[in-house]
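Taking it in order: structure first as structure tokens, then the write-up.
No value in this document is a laboratory result; all are computed from the given coordinates. Since the structure is predicted, the reported quantities are computational estimates derived from the model, not experimental observations. Because the Cβ atoms are built from the backbone with ideal geometry, glycine has one as well, and the counts that use them run over all protein chains shown.
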Amino acid sequence: MGVAFVAHCLLNQNSKVREGAHCAGVYSPIVDVLRAKGWRVEQMPCPELAFAGLNRFWAVREQYDTVAFRRHCQRLAAAVAGAIAARAEQGEDIVLVGVEGSPSMGVTITSSDPDRGGRPDWPEGTPEHTGGEGIFVEELHAELERRGIAFRVAGETHALATHDVATERARLESVLDDGDG
Amino acid sequence: MGDERSWRVALVADRYVNPAPGGLDGLAVLAAAGWGVMQLPDDAYRAEVARLLLAEVAEQVEEFSRHGYLFILVGERAGLGEALARVGVAVPPRAVPASAGELSEFLAAQPDPPALAAAEEPTRVRGALPGRRWFPDR
């Protein structure tokens, strides 16, 4: 057991980009697994919300990869890392639960399209997912590495074409159980 | 693609998100009622850690508030009022429920989110001042 630092939107779907909220408020499939396994839940800030606002467009990683957004993410990462460090000092296992496919919160899959820009109009299903971390996760990863804090990652997978709640749940359970040995 | 957001957000003390044995599971009640949750820092955190986290919470509340989302506070957190004041937002209506029933009653007593109420006013023009009617030119 330990502490799961979860993406903001997993407790508050109101923070999602327009047309992105999968439920009214709390995304229960992830939260239920964490609680059933006896993990503490701690919510991270949404990197896109306070920076680009609620009326932001859907975006890929390259559109957020600016000095200003990275500086914003570094500030958030410093705040979150302080909390993570406090838990790690108590000997707690740490898991980051991100949002796969997100330009900022992806933990193993982010979104990429170097040519995207201008009028926000692109066909449904445009291939954009690629391996890698979102920008905030990348900055938090660097901050935790700097502090010598180990962590594991899991992700909510709604944005992926392969999304399946049972698989998402099984992957999370597997990540949570990894530290039990 | 649909969007299922509720336009309702609760600022929630940590003890209702991670309840002690026998404590009120506020997160479950809020989830069942369709409220989004913004978790407040655990009281156990050092003041500096909590201050940084509260500052981020406040900035996000300010963004939600400007867009007509409804806010409430469940529980309390030292420093929240100051953090919200720094971004020009008042502390929302608050309850410190002792039971799931009390929390449910508090949630049920809340008005519609301003954004949804505004959407039902056919003559309202986006950007008009609250309480002032402005009819567009025909």
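Modelled spin-label separation between A:His163 and B:Ala118, with each label point placed 7 Å from Cα along the Cα-to-Cβ direction: 2.8 nm.
When its C-alpha radius of gyration is set against 2.2 N^0.38 Å (N residues), the stretch B:8-112 gives a value of 1.02.
The calculated FRET efficiency for A:Asp32 paired with B:Asp3, based on their beta-carbon distance and R0 = 22 Å, is about 0.45. The residues packed around A:Arg169, meaning those with a beta-carbon under 12 Å from its beta-carbon, carry a net charge of -3 if Lys and Arg are +1 and Asp and Glu are -1.
Take the Cα of B:Gln110, go 7 Å toward its beta carbon, and none of the backbone nitrogen atoms of the stretch A:40-57 fall under 12 Å from that spot.
Shown for chain A are the DSSP H helices of 27 Å or more along their axis, judged by Cα atoms, with a mean Kyte-Doolittle hydropathy of at least -0.5: A:67-89.
Phi-derived couplings, Karplus 6.51 cos²θ - 1.76 cosθ + 1.60 at θ = phi - 60°, listed residue by residue for the stretch A:95-112: 10, 9, 10, x, 10, 5, x, 7, x, 10, 10, x, 9, 10, 10, 10, 10, 8 Hz, with x used for Gly and Pro.
Just checking the listed ones, B:Tyr45, B:Tyr16, B:Tyr69: in the Gaussian network model of chain B with Cα springs under 10 Å, the one fluctuating most is B:Tyr45. The alpha carbons of the stretch B:63-105 give a radius of gyration and a Dmax of 12.1, 34 Å, in that order. Inter-chain neighbour count for B:25-37: the average number of beta-carbon atoms from partner chains within 10 Å of each residue's beta-carbon is 5. Note: chain A, Cα convex hull, 114 Å³ per residue.
How many partner chain Cβ atoms sit within 10 Å of a residue's Cβ in peptide A:9-20, on average, as a whole number? Working shown, then result.
Values: counts 1, 1, 12, 14, 7, 16, 8, 4, 1, 3, 5, 4.
Across A:9-20, the average partner-chain Cβ count within 10 Å equals 6.
Computed from label points 7 Å out along Cα-Cβ, the spacing between B:Glu102 and A:Asn55 is 4.1 nm. Charge tally for A:Asp32 (other residues, Cβ to Cβ under 13 Å; Lys, Arg +1; Asp, Glu -1): -1.
Helix B:47-66 versus the longest principal axis of chain B: what angle, 0 to 90°, nearest 10, using Cα atoms? Approximately 20 degrees, to the nearest ten. Per residue, the convex hull spanned by the alpha carbons of the protein assembly as shown comes to 152 Å³.
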